[in-house]
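Asker: I am attaching a structure below and will ask some questions about it afterwards.
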Amino acid sequence: MNINKNDTAIVVIDPQNDVLSETGVSWDLVGDSVKDNHTIENIERIFKAGKQNDFEVFISPHYYYPTDYAWKFFGTVEQMMLKSKEFDRRGALSLDGFLGSGADWLDRYKPFIEDGRTIVVSPHKAYGPQSNDLVLQLRKRNISKVILLGMLANICVEAHLRDLIEQGFEVLVVKDATAAPQHPELGDGYKAALINFGYIANAVMSTDDAVEAMK
């Protein structure tokens, strides 16, 4: 992939407390993977490199509102997220209780996300961007290539990767700026994600290599 700020954007998925903070509801499942990959630090390095080199940065967040709890059926992880109230917000039009909640950004990322330049798209509701406006926002800025990172590797990151590829984008996945659940019955999500990244993405890089490519 030829990384160029004129046609390449950074997309960060779910840089939120519930999956990246030790106080988050999913830390018991993802914490070891986050620490092994230095995920928190590597996401920050990509933010910094993107801002320093004038790349556009997009956030694809995950939120659940009270109305979402009326769903009549769920996938395995959807059920886990709704049961634990992961990414929970009090309403689509309300920020009451948002600050410092599991749905809020990790504090160290706020200077990058809340700089008035970062594009925060509408929330995805399952795993991929089919239910939000990420693709529209990318297309409107003539973006054809994506540097993809965030949480969780085998679920939302992989789902975004698959859909963006189907939509005709070139996608680079930053393999150590993500992490995944390690579940005693479902298995190691990070290992599964790495295999599929290699099969599907246009490129898979470490944070070191991705930062160098953005210079």
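The values are calculated or read from the model by the stated rules, or taken from the named source; none is laboratory data. Note that the structure is predicted; figures quoted are calculated from it, not measured. Please note: Cβ atoms are built from the backbone with ideal geometry, for glycine as well, and neighbour counts cover all protein chains shown.
Asker: Just a yes or no: is a residue in the stretch 83-97 within 19 Å of residue 204 (Cα to Cα), buried (at least 19 other Cβ atoms within 10 Å of the Cβ) and at pLDDT 95 or above? Show your work before the answer.
Answerer: First pass over the stretch 83-97, keeping only residues within 19 Å of residue 204 (Cα to Cα): none.
No, because not a single residue in the stretch 83-97 is within 19 Å of residue 204 (Cα to Cα), buried (at least 19 other Cβ atoms within 10 Å of the Cβ) and at pLDDT 95 or above.
Asker: Now for a separate question. Looking only at the stretch 128-168, which residues are β-branched (Val, Ile, Thr) and surrounded by fewer than 17 Cβ atoms within 10 Å (Cβ to Cβ)?
Answerer: Result: 165, single match.
Asker: Just one of the numbered conditions (1) farther than 19 Å from residue 181 by Cβ; (2) in contact (Cβ under 8 Å) with a residue 60 or more places away in the chain; (3) β-branched (Val, Ile, Thr) is not true of residue 67; which one?
Answerer: Condition not satisfied by residue 67: (2).
Asker: What are the residues in the stretch 188-210 that are in a helix (DSSP H, G or I), of a type in the set (Ser, Thr, Tyr) and farther than 21 Å from residue 28 by Cβ, if any? Walk me through how you get there before you give the answer.
Answerer: Quick first cut of the stretch 188-210, residues in a helix (DSSP H, G or I) only: 189-200, 207-210.
Narrowing the set further to residues that are of a type in the set (Ser, Thr, Tyr) leaves 190, 199, 207.
Passing the criteria: 199, 207.
Matching residues to (1) farther than 16 Å from residue 149 by Cβ; (2) charged (D, E, K, R); (3) touching a strand residue (DSSP E or B) at 6+ places or on another chain (Cβ under 9 Å):
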residue: 27; (1), (2), (3): yes, no, no
residue: 32; (1), (2), (3): yes, yes, yes
residue: 38; (1), (2), (3): no, no, yes
residue: 56; (1), (2), (3): no, yes, yes
residue: 64; (1), (2), (3): yes, no, yes
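Asker: Count, please, the residues in the stretch 178-215 that happen to be of a type in the set (S, T, N, Q) and surrounded by fewer than 20 Cβ atoms within 10 Å (Cβ to Cβ).
Answerer: Residues that pass the stated criteria total 4.
Asker: Checking the structure you have, find out if any residue of the stretch 18-40 is touching a Phe, Trp or Tyr at 6+ places or on another chain (Cβ under 6 Å) and either of a type outside the set (S, T, N, Q) or free of Cβ contacts under 8 Å to residues at least 12 places away in the same chain (or both).
Answerer: yes
Asker: Now a separate question. Hey, could you check the stretch 114-127 for residues that are within 13 Å of the chain's Cα centre (by Cα) and crowded, with 18+ Cβ neighbours inside 10 Å and say which is nearest to residue 10 (Cα to Cα)?
Answerer: Only one residue tops the list, namely 121.
Residue-by-condition table, conditions (1) closer than 25 Å to residue 23 by Cα; (2) without any contact (Cβ under 8 Å) to a residue 12 or more places away in the chain; (3) not acidic (Asp, Glu):
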position	(1), (2), (3)
101	yes, no, yes
123	yes, no, yes
139	no, yes, yes
159	no, no, yes
164	no, no, yes
182	yes, no, yes
185	yes, yes, no
189	yes, no, yes
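Asker: Of the residues 65, 69, only one is touching a helix residue (DSSP H, G or I) at 6+ places or on another chain (Cβ under 8 Å) and not polar (S, T, N, Q); which?
Answerer: 69
Asker: Could you list, in sequence order, all residues of the stretch 25-58 that are surrounded by fewer than 23 Cβ atoms within 10 Å (Cβ to Cβ), of a type outside the set (A, V, I, L, M, F, W, C), on the phi < 0 side of the Ramachandran plot and part of a loop (DSSP other than H, G, I, E, B)?
Answerer: Hit for the stretch 25-58 is 53, nothing else.
Asker: Whether any residue in the stretch 22-41 is within 12 Å of the chain's Cα centre (by Cα) and closer than 13 Å to residue 113 by Cβ is what I want to check.
Answerer: No; the residues of the stretch 22-41 include none that is within 12 Å of the chain's Cα centre (by Cα) and closer than 13 Å to residue 113 by Cβ.
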